[in-house]
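No lab work stands behind these numbers, since they all come straight from the coordinates. Quick caveat, the model's predicted, so the values are computed rather than measured. Counting neighbours? That spans all protein chains shown, and the Cβs are built from the backbone with ideal geometry, glycine included.
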Amino acid sequence: MENLIQVAKKIKDLEIQGARNVAKAAIRSMKEVILNSSASDPDLLFKELLQAKNILFNTRPTEPAMRNGLRYVLFEIKEAKGDIETTKEIAIKTCDKILNYFEDAILKIHEIGARKILSGMQIMTHCHSSTVTGILRKAHEQGKEIHVICTETRPRYQGHRTARELIEADIEVTFVVDSAMRYMMKHLEVDLALIGADAITSEGTIINKIGTRLFALAADERDVPMYCAADTFKFSPETSLGFLEKIEKRSPEEIWKEAPSGLHIENPAFETVPRRYIDALITEVGVFPPSSIAHQLLQLHPWMFAFEE
């Protein structure tokens, strides 16, 4: 459990970033708990892992990929029939299955997403998403000549990472401040807007880095198609019961470390983008409208809707 607590702290302190990286780190730490567990029966193992899950759940609010991965491990343990050794074996295999799923899913999304990109396109993105940069690299590898405009993404400047990854892939990049996104959308005649997602609600609302809604409004104003690329583990099943996905707020010091005394600073990390601004979701199981997400996942991942733990 000591390693899991350390991983939880790294997630909370943003030493581990990116929804997929957070989910993978959480699943690996859960697997280690299983391997080292001295539980004498399946019920005791379940209680131990439930405690581990709660520690990880409490690190950050906007991490459905992590929550879904951990929930799936507990679901499989609860469904398992057998002694403690059989249950542990099933739990370990489930952890490996999820980790492999993440790797397979991202490659499928890259392939599917690259089909939406044509040679000569001007593509704009906001923040950093390994899913998005993977799609762009895949399109470039296919010989498509593309130009990408990316924002710096304040206050943590994740856009720097996007720009570096694309430049390293020999993709032409233009880098702009966040407040220039509407201007660039117009003056560079953007053909396609492409973003990732930190969460997707049952109504098809996207939750992504702050500034994404402004980005979506700018794309809508110019009739630029906007796609969101994300694997299905980003879905927040709790929202199908009416719960709201929480918007994480971070330290004011990210914005101004030595701010004047008495100044109130708000630092929301994410915001919502209604489905009407998203032309389609690009997932590992295909491209479909955001409004159909809950139906799709009820068929694909029915365990997501087994809320009782």
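Couplings 3J(HN,Hα) of region 151-165, computed from phi: 8, 5, 6, 6, x, 9, 6, 5, x, 4, 5, 4, 4, 4, 4 Hz, in residue order, whole Hz [Karplus 6.51 cos²θ - 1.76 cosθ + 1.60, θ = phi - 60°; x for Gly and Pro].
Cα gyration tensor of the chain, axes a ≥ b ≥ c as square roots of the eigenvalues: rounded (a/c below 1.5), prolate (a/b > b/c) or oblate?
Details: a/c = 1.99, a/b = 1.56, b/c = 1.27.
The shape class here is prolate.
For region 2-107, the spherically averaged projection of the C-alpha convex hull amounts to 6.1 nm².
Once backbone amide H atoms are built at 1.01 Å from N, residue 149 has 123, 124, 125, 174 as its partners under 5 Å, excluding neighbours fewer than 5 places away on the same chain. Projected label points at residue 50 and residue 220, each 7 Å from Cα along the beta carbon direction, are separated by 4.3 nanometres.
In order along region 115-120, phi translates into HN-Hα couplings of 5, 7, 9, 10, 4, x Hz, rounded to whole numbers, per the Karplus curve 6.51 cos²θ - 1.76 cosθ + 1.60 with θ = phi - 60° and x for Gly and Pro. Take 68-80, 257-269 and order them by the average number of nearby Cβ atoms within 10 Å per residue, most first; the result is 68-80, 257-269. Here the spin labels are modelled as points 7 Å beyond Cα on the Cα-Cβ line, and at residue 285 and residue 258 they lie 5.3 nm apart. Net length available on complete extension from residue 169 to residue 99 is 22.6 nm, with 0.36 nm assigned per residue and the Cα-Cα distance removed.
The label-point distance for residue 147 and residue 160, in a model that sets each label 7 Å from Cα toward Cβ, rounds to 2.6 nm.
Suppose the chain between residue 35 and residue 305 were pulled fully straight at 0.36 nm per residue; how much longer would it get relative to their current alpha carbon spacing? Don't skip to the answer; put the middle values down first.
On the way: separation 270, 0.36 × 270 = 97.20 nm, distance 2.74 nm.
Here the answer is 94.5 nm.
Using alpha-carbon pairs under 8 Å, 6+ residues apart, how would you state the relative contact order of the chain in percent? Don't skip to the end; give the middle numbers.
On the way: 527 pairs, mean separation 53.2, N = 309.
Contact order relative to length: 17 percent.
Phi angles of region 267-275 translate, via the Karplus equation with coefficients 6.51, -1.76, 1.60 and θ = phi - 60°, into HN-Hα couplings of 9, x, 8, 9, 7, 8, 10, x, 4 Hz per residue; Gly and Pro are given as x.
Mind pulling the per residue volume of the convex hull built on the Cα atoms of region 140-274? Å³ is fine.
140
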